[in-house]
Amino acid sequence: MKKGFYRRIALTGINRNRKLYVPYIITCIGMVMMYYIISSLSASELLEHVSGGRTAKSMLDLGSRIIFIFSLVFLFYSNSFLVRRRKKEFGLYNILGMSKKNVSIVLLWETAITAFISLLAGVFLGIAFSKLAELLLINMLNGDVAYSFSVSMPSVKNSLLLFGLIFLLIFLNGLRQVHLANPIALLHSENVGEKPPKGNILWGFGGVVILAAAYYIALSIKNPLSALVHFYAAVIMVIAATYLIFISGSVVLCRLLQKAKGYYYKPDHFVPVAQMKYRMKRNGAGLASICILSTMVLVMITSSSCLYFGKEKSLREIYPHSINLTVILNSMEYTSDENIGRMRNSLQTLLAENSSDIDNVSDYRIANIAGCLYDDKMEVDAKALESFGTDTFDKLVNLYFMPLSDYNRICSTDEQLAENEAIIYCCRMDYGYESLTVKNGMTLNIVKKTGSFPEKDFATTEIIPYMVIVVPDFEKTVAPLTEFKEGEDDMLTLKWEYCLDVLGDKQQEHFICEKIRQKTDEFVRETDSEKNAYGIYYTNLDSRAESRDEFYGLYGGLFFLGILLSLVFISATVLIIYYKQVSEGYEDRSRFEIMQKVGMTKSEIKKNINSQMLLVFFLPLGFAIMHLGFAFPIIRKLLLLFSLDNFNLFITTTCLSILVFAIFYTLTYKATGNAYYRIVSEKK
């Protein structure tokens, strides 16, 4: 063989099949570019100096792993289209005298050329666009823009090594197929018909049952914790059901259309339905992949954009006051009016000495314990809660006991309660009983159920349902539960909450927060030295201003990652659609050529193509929207984990995401439909 012979054969093969190779190489370049951008941002030193930057970097580090895993799976999947199209060509090489070893060398050159172009262009474009991505992320984090430019060499190295490994695995897979295949079989591989799969009704029915079960899970979940646990199971069930329905159910659909004489025996429908029936096993799998990717895009962009645009509201839900001090007490004796009054007076004196821009000062005592609620009885069992089985989630409830005196003070009311009577407030749960019995406690008669509660600082981050119980004798009610504070269980938490709003600017809030922190440190030191002891176990001071940066970093990082991953999944969707159209176009070209010879016009061919594409092309989009609709309740519950309960915003972002994606999907349909028409219209 002359020097460079194999390289020229490889270049000729790539050029001859450029309709397949160019989109594939562009996709490889895009994957490498995205990986470099996310990897470089996750290691960016500039983000270290941006508020919330460290949180965003941890999100991006996770995103780089997702990109690599998805690239590995998807590039293998995309390469299968190339191999299928090239099998006839490899078979011809064998017939003309080239051994499998020679063909393997050609395949090696093709893979090397593709890898070289993809890695070089991908890293170059990644470096070029990384600064733009960095500026966009910093803007989302409300940071100060810096225009310095740098190249992350570790990210370059990782991009080359990891994607080089992917191309090596792709080559080995192609090598396996070439060596195992018979030359004659390779030569005629393009003409091998696709038989409709057997057992369509059974598998299709199974898919419907699995999908119905997944939808039931999504609709029946009551609390966010259950949503978190069951979400992944529901996702796996939806993916499996989608493939079963598209592969098996689509064949049943074609058979039903064939039986509908009024539809089937028309020039526009006869040919496309007959063609689809005999290749729907592979066609259905491709459509299912498109549906799953479309659903992923819709779910990701809807949830991440909802979180980002609702971040300020979520922040104020988590931190209703500018500053919230939580003091955890050692035992019930330290919840006395005398002990709490001493701490309250010290803080009021501190605030009066340092600022006049203070408003909405309030404080209250609470005793918190979790358990399982069975009808009107609350079971408190440490071992049962530790096992945390799936049957426990729907029963798990947090109880917050509050003294009536504190309730009247913070609500500006004058409620009166007799012994063993209570007022309750429920969040994320319904309670329809007239009494409540707590294990080791007493039975409380519920005389009032209030629909609102002004002070919810202690429960804003709760991911499970909770109930606030206002009682007239706080010490007597909680005393029987103190056994759960002993030993290793420590299930009962005694708290004193002190909240206030700072009317000044961010600097003033930081100043007041620091003064309160110094004072609480004095409380702790006095407790440790037993000098005027307050019985403090530990304290926690939350400031809305101090938390905003990390909060924005988390939500901004999630939204930025959602955008980039959506772009990756959209690119994958477009490529699958394109390959589906091109591969089927080459398969159908000879059939349409025969039809033209017997009198079918190009106008009629176009009608056939439109009938075929409209029949199956928008099925994935319809199923994706249906999946999103049934996933709406469970996604909303998951957003509650981020303290986002903005129904109107979620509806708006969902509708806009569907609209934008549907427009993009339609444009893709038009573009790939034209490519299919050009292939089937040209002569062999």
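The values are calculated or read from the model by the stated rules, or taken from the named source; none is laboratory data. Just so we're clear, the structure is a prediction, and the values are computed from it rather than from any experiment. Cβ: placed from backbone, ideal geometry, glycine included. Neighbour counts: every protein chain shown.
Is there any pair linking a residue in the range 520-534 that is on the phi < 0 side of the Ramachandran plot and without any contact (Cβ under 8 Å) to a residue 12 or more places away in the chain to one that is outside any helix (DSSP H, G or I) and β-branched (Val, Ile, Thr), with Cβ under 6 Å and at least six apart or on different chains, and which? Listed by first residue and then by second, the contacts come to Thr527/Ile536. Considering Glu317, Glu312, which residue is touching a Leu at 6+ places or on another chain (Cβ under 8 Å) and of a type in the set (D, E, K, R)? From the options Glu317, Glu312, the qualifying one is Glu317. Being buried (at least 21 other Cβ atoms within 10 Å of the Cβ), part of a helix (DSSP H, G or I) and basic (Lys, Arg) is a condition met by no residue of the range 502-520. Based on what the data block shows, is Gly30 surrounded by 19 or more Cβ atoms within 10 Å (Cβ to Cβ) and either at pLDDT 85 or above or over 30 Å from Arg589 (Cα atoms) (or both)? Yes; evaluated as a whole, the condition is true for this residue.
Tell me the residue from Glu317, Glu338, Glu379 that is closer than 26 Å to Arg525 by Cβ and of a type outside the set (S, T, N, Q), please.
On the way: Glu317 fails: closer than 26 Å to Arg525 by Cβ; Glu379 fails: closer than 26 Å to Arg525 by Cβ.
That would be Glu338, the only listed residue that is closer than 26 Å to Arg525 by Cβ and of a type outside the set (S, T, N, Q).
Those helices (runs of 4 or more DSSP H) of the range 574-684 in which 3 or more residues are crowded, with 20+ Cβ neighbours inside 10 Å and at pLDDT 70 or above occupy 619-640, 647-681.
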